[in-house]
Amino acid sequence: MEGAIKKNLVLFLIGKVTSVLGSSIYAFAIGLYILAETGSSLNFAVTLVLSMLPRILLAPVAGTLSDRLDRKKMIIFSNFASAFWLAIILMSFLFFSQEIWVLYVATTGLSIISTFYSIAVTSSIYNMVGPDHLQKAMSLNQAAISLSAILGPVLGGVFFGIIQIHLFMALNILTYLIAAFASILIEYNLFSKKTQDKKTTRMAEDLKQGISYIKAQPFLLHLVILSVWLNFWFAVFPVAMPYLVLTVRKMSSVQLGFIEGAFSVGMMIMALILSARKEIRRKELSIIGGMLILSAVLMLIGLPAIPGFMAMSNPLIFGYLVSMVLVLAAAIMFINTPVSVLLQKNTPDEYRGRVMALLETGSSAMTPAGFILFGLLLEKLPVWLLLAVCGFSLFAVVFYLYREKMFLKLLREEDKASTASM
């Protein structure tokens, strides 16, 4: 069994890294191409909306299908479908039209397929590695995403001036095919207890059952609400940081790139550390401690914008912000990792797709909502005050959890159960 788990982890990592890295390079190159061709940031923003909107709208459908169908087949089909779709776009781009709308169509199609792929993958991790290797698998998954976030813009920027845009499409087609063949070799049902009986109910009824199940499980409901709430308040970071660095401190775009890159570096380092150690036993301490650190760091990031600190040199502020972002990334991992493990362990296989999908929908919807709200508030409030409000709001969540107590009681019971089984 250990050999099969190890094989699954290696193949999963190969497929994930190639797929996500290829997509990251392609997405960055497409963004540069649209900006270069049109000179319009609005056109670039449209691609961001088209990449996010399908995830918000279709995640519940993807989750329901994930619980109804064979997830391995969904994953393999999604990878081949992405390669096929991009091949059609490549042919259209070469022989039909090179207008920007072709790239919009490409982005929308890939986002739709990616929604079904990501939900199926997330729902399959428990069955792929079992309960004892969940933290390792989830951490390696995050490490692959973080590595792609670091290398994607770097490689995309380097190659953009050397090769034409259609070659980026061809590269991404290749990475999708590698991921598809890796998925064929993975035993996704190694720990599966779900029967593959055909569903006789309608999809709408299945989705309602998933929502009803979450409502009936207080611990799961609290985990989902906590994740959605954190995503909303954390949305201030990608909005406020560029404003703080470029507008308030008048630093360079290169410095901003290093500061934002530090977040992916911190996530990757922390993910690799967590993948190499045993499962976190005191999940209450990890989650609550991570939230308190996250709250404090968001407040501290705003310090360079306070009038009394404006006289400090930008090189010193640069080092300060990089260190703060690294701590921020570590705090996020201390929250996300145990929450992800608990969600996987506490959700029955027949409901896992719908639970993960509803979490995805809530989190995905709250992030752009936060972008819009905090973007508007930045025009009315000083950036340091906005960061302080968001940091304090996260602290208020911790205060509420200790006051309300039920969630912490359930979390402590889970900690005891996990410790007893080790």
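Touching a His at 6+ places or on another chain (Cβ under 8 Å), assigned to a helix (DSSP H, G or I) and surrounded by 19 or more Cβ atoms within 10 Å (Cβ to Cβ): is that true of I5 in this structure?
Yes; evaluated as a whole, the condition is true for this residue.
Here are some conditions: (1) crowded, with 22+ Cβ neighbours inside 10 Å; (2) more than 17 Å from V355 (Cβ to Cβ). L167 meets all but one. Which one does it not meet?
(1)
Would you pick out the residues in the stretch 70-104 that are of a type in the set (V, I, T) and over 15 Å from Y176 (Cα atoms)?
Correct list: I100, V102.
Only residues that are among the aliphatic types (A, V, I, L, M) and in contact (Cβ under 8 Å) with a residue 40 or more places away in the chain: list them for the stretch 380-400, please.
V383, L385, L386, L387, A388, L394, V397, V398 - these are the residues of the stretch 380-400 that are among the aliphatic types (A, V, I, L, M) and in contact (Cβ under 8 Å) with a residue 40 or more places away in the chain.
Within the set of pairs 6+ apart or on separate chains, which have a first residue in the stretch 146-167 that is in contact (Cβ under 8 Å) with a residue 60 or more places away in the chain and assigned by TED's automatic domain parsing to the domain that holds I88, a second that is in a helix (DSSP H, G or I) and surrounded by fewer than 16 Cβ atoms within 10 Å (Cβ to Cβ), and C-beta atoms under 6 Å apart?
Every condition considered, the pairs that remain are H166/L94.
Just a yes or no: is a residue in the stretch 65-72 closer than 24 Å to A365 by Cα and in contact with a Lys or Arg (Cβ under 8 Å, 6 or more places away or on another chain)?
Yes, the stretch 65-72 has at least one match.
Just a yes or no: is a residue in the stretch 239-253 modelled with pLDDT of 85 or more and either in contact with a Lys or Arg (Cβ under 7 Å, 6 or more places away or on another chain) or of a type in the set (D, E, K, R) (or both)?
yes
Identify the single condition in (1) buried (at least 22 other Cβ atoms within 10 Å of the Cβ); (2) free of Cβ contacts under 8 Å to residues at least 60 places away in the same chain; (3) among the aliphatic types (A, V, I, L, M) that V102 does not satisfy, given that it satisfies every other one.
Among (1) buried (at least 22 other Cβ atoms within 10 Å of the Cβ); (2) free of Cβ contacts under 8 Å to residues at least 60 places away in the same chain; (3) among the aliphatic types (A, V, I, L, M), V102 violates only (1).
Would you mind telling me which numbered condition in (1) modelled with pLDDT of 80 or more; (2) farther than 30 Å from P60 by Cβ L394 fails?
The number of the failed condition is (2).
With the checklist (1) of a type outside the set (S, T, N, Q); (2) farther than 29 Å from R71 by Cα; (3) surrounded by fewer than 20 Cβ atoms within 10 Å (Cβ to Cβ) in hand, flag the one item K345 doesn't pass.
(2)
How many residues are assigned to a helix (DSSP H, G or I) and either closer than 29 Å to E205 by Cα or touching an Asp or Glu at 6+ places or on another chain (Cβ under 6 Å) (or both) if we restrict to the stretch 342-379?
Residues flagged as assigned to a helix (DSSP H, G or I) and either closer than 29 Å to E205 by Cα or touching an Asp or Glu at 6+ places or on another chain (Cβ under 6 Å) (or both) within the stretch 342-379 amount to 26.
The values are calculated or read from the model by the stated rules, or taken from the named source; none is laboratory data. Everything quoted here is computed from the prediction, not taken from an experiment. Here Cβ is always computed from backbone atoms with ideal geometry, including for glycine, and neighbour counts include all displayed protein chains.
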